Amino acid sequence: MSKLIIANWKSQKTVKTATDWWKTFASELDSKMETKVAIAAPFTLLSTLQPVLQPSVALAAQDVSPYPMGSYTGAVNAEQLKDLSVRYVIVGHSERRRHFHETYEDVARKVTEALNAGLHPVLCLDKDYITEQAAALDPEQYGKLIIAYEPLAAIGSGQPEDVGTVQTVITEIKATFGEVPVLYGGSVDERNSNEYLLVSDGLLVGGASLKAETFLQIVSQKE
Ligand code: PGA
């Protein structure tokens with residue numbers, strides 16, 4: 001199975017810096033590589049990136065409204081993302097759970113909205129979230145998920161979780177959700193990405209995706 005590597009830009013970049021990033025990245029990208037690559041850009045940059053991404057790079061969003069199209073001021077819904085050719089959407093990132101107080105039920109509603117619109121939800125879980133998040137979801141949805149195992153202590157800290165523990169937790173996630181793709185995220189960089197690719201189905205990369213050159217190195221690693 002080919003690996004999936006997603007750049008999570010978080011709340012970073014402007015039209016200018018995103019366009020510059022893309023120019024550098026696209027100039028060196030091997031369009032025949034097997035790895036699937038996606039960029040999870042802020043909402044404001046989706047329509048800038050949509051027309052320029054090659055078919056080999058997919059567009060992802062970092063969040064989606066728990067509600068459909070309608071009177072929900074400030075919310076961006078799944079149908080609107082689909083309209084911009086977005087393929088993947090991150091749901092339940094720990095930064096959203098922590099800073100925006102998202103609950104397991106909110107995250108479950110977002111998964112449902114994403115799936116109804118034909119988007120692929122990338123559900124972020126720390127170990128402690130597995131059981132409760134699984135309980136909040138309809139088990140019929142499990143097989144349609146991509147999961148990102150993201151230990152809180154590893155995110156943005158420069159201290160990734162050790163590879164053995166990642167492997168163990170990924171096995172636990174698959175025991176709960178079935179044979180779904182499970183990515184690892186948390187201080188992945190161009191020096192350690194290979195080790196994590198060996199035990200996972202892909203990566204969710206925050207800080208190290210902000211420089212095009214570094215992210216290129218990560219996606220260009222041989223499987
Ligand atoms: P990091 O972030 O790579 O900067 O640790 C990963 C994430 O939060 O998705």
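The values are calculated or read from the model by the stated rules, or taken from the named source; none is laboratory data. All figures in this text were calculated on a predicted structure; none of them were measured in a lab. When we count neighbours, we look across all protein chains shown, and the Cβ atoms used for this are built from the backbone with ideal geometry, even at glycine. Please note that ligands, DNA and RNA were not included when accessible areas were found on the heavy atoms of the full protein model with its side chains. Shrake-Rupley method; radii C 1.70, N 1.55, O 1.52, S 1.80 Å.
Results, tabulated for the structure shown:
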quantity: Filter result for PRO160 (within 19 Å of GLY92 (Cβ to Cβ), within 16 Å of the ligand (Cβ to nearest atom) and not in a helix (DSSP H, G or I)); calculated: no
quantity: Tabulated pairs, segment 30-58, first farther than 11 Å from ALA18 by Cα, second assigned to a loop (DSSP other than H, G, I, E, B) and open to solvent by less than 10 Å² (accessible area, probe 1.4 Å), C-beta under 8 angstrom, 6+ apart or interchain; calculated: ALA40/TRP9
quantity: Members of segment 172-185 found to be outside any loop (DSSP other than H, G, I, E, B), without any contact (Cβ under 8 Å) to a residue 40 or more places away in the chain and open to solvent by less than 30 Å² (accessible area, probe 1.4 Å), listed by number; calculated: VAL182, TYR184
quantity: Condition met for TYR129 (hydroxyl-bearing (Ser, Thr, Tyr), away from the ligand (no atom under 15 Å from the Cβ) and open to solvent by 30 Å² or more (accessible area, probe 1.4 Å)); calculated: no
quantity: Long-range neighbours under 8 Å by Cβ, at least six apart or interchain, first residue under 20 Å from ALA154 (Cβ atoms) within segment 106-126, second open to solvent by 40 Å² or more (accessible area, probe 1.4 Å); calculated: ASP126/LEU152
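So that you can scan it fast, the table gives a plain yes or no per residue for (1) more than 10 Å from the ligand (Cβ to nearest atom); (2) touching a residue at least 40 places away in the same chain (Cβ under 8 Å); (3) part of a loop (DSSP other than H, G, I, E, B):
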position: ILE170; (1), (2), (3): yes, no, no
position: SER187; (1), (2), (3): no, no, yes
position: LEU198; (1), (2), (3): yes, no, no
position: ALA208; (1), (2), (3): no, no, no
position: GLN217; (1), (2), (3): yes, no, no
